[in-house]
Amino acid sequence: MNTRSRSGRDAFESARALLAEHGIPLMAAHALTRPKRLRKVLEEAIAQGARRILVGGGDGTISCAVQALMGRNVTLGVVPLGTGNDFARSLGIPDTLEAACDVIAGGYTARVDVGLVNGRPFLNAASLGLTTAIAKRLTQELKQRAGKLAYPMAAAAEMRTLQPFHVRLQADGQTLEVDALQLVVGNGRYHGAGNMVAPDATLDDRQFHVYAITAPSVADGGERTGLGHLQDVATLARVALGMRSGGHLEHESVVHLHTSRLVVETDPPMEVNADGENVGMTPMRFEVAPAALRVYAPAPQ
């Protein structure tokens, strides 16, 4: 468990007690104050014969764990303790410690896809533009202090310096070029603490769901003007109104597609964020690793 996650410190003993009540024995339990130790701890556990590994933390912690677990003969149990918890949300795991432990105790497992960006695994979404800038503002201090409000606070601060960028997408034989404010490549259904990538996206559909919010200021020739900036900000605000339901895909400024492979090039080069972590600069190549991870999930009704 990452005890530096928003509620990790308080949850560590509670989770152990809940699992014990369900009759789940633990070979070992690790309260990690240095998340960088996670991969080493997981590798050692697998070497010692562990085949069920339970990880508590936010999306960044879970994504880091996947780098050690994907393609291995192990099952991941997710205890969502972060600010966003989008992977747990995509799996259908309720956002409480008790519910997460109930899912693990239930024993139902599913195989889910893992996204690869230049070979690095991610679970929820990779993005560039506004969402990447927001992620850079989401410091540990801000998340601890503001909790669920950290995302909108960071977004409001970032709007002041918003700039469009040109992006070229090559996807399964088609090429698309747009001037964008944000690009999201989703493996799961959710990103950004509950915003939808697409309402029909699932973690096992073997494809990415991609959407870009285009910049109306560029089409109107006003991208370097104050009026153009206001136009872009207003567009983002209107698109954001539909993100919780997936209705943003119907907005005239949004283009979307789905694909199993994708190459992203931008002008200028842009930072890419995957599951809350900076993974480098464009160009980037995306591929789906199908059914690469086994996880505990709620049993189908």
Exercise. Which condition does Leu32 not pass, out of (1) buried (at least 23 other Cβ atoms within 10 Å of the Cβ); (2) out of contact with any Cys (no Cβ under 8 Å at 6 or more places or on another chain), if it passes all the others?
Worked result: (1)
Problem set entry | Residues (β-branched (Val, Ile, Thr) and crowded, with 23+ Cβ neighbours inside 10 Å) located in the stretch 196-213 | Val197, Val210, Ile213
Seminar exercise, completed: Matching residues in the stretch 242-273 (in a loop (DSSP other than H, G, I, E, B) and surrounded by 15 or more Cβ atoms within 10 Å (Cβ to Cβ)) number 7
Problem set entry | Output for the stretch 63-90, where each listed residue is within 13 Å of the chain's Cα centre (by Cα) and in a loop (DSSP other than H, G, I, E, B) | Gly82, Thr83, Gly84, Asn85
Exercise. Tally time: how many residues in the stretch 205-226 are at pLDDT 95 or above and more than 30 Å from Leu123 (Cβ to Cβ)?
Worked result: 0
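The values are calculated or read from the model by the stated rules, or taken from the named source; none is laboratory data. Quick caveat, the model's predicted, so the values are computed rather than measured. Heads up, the Cβs are rebuilt from the backbone with ideal geometry, glycines too, and the neighbour counts pull from every protein chain shown.
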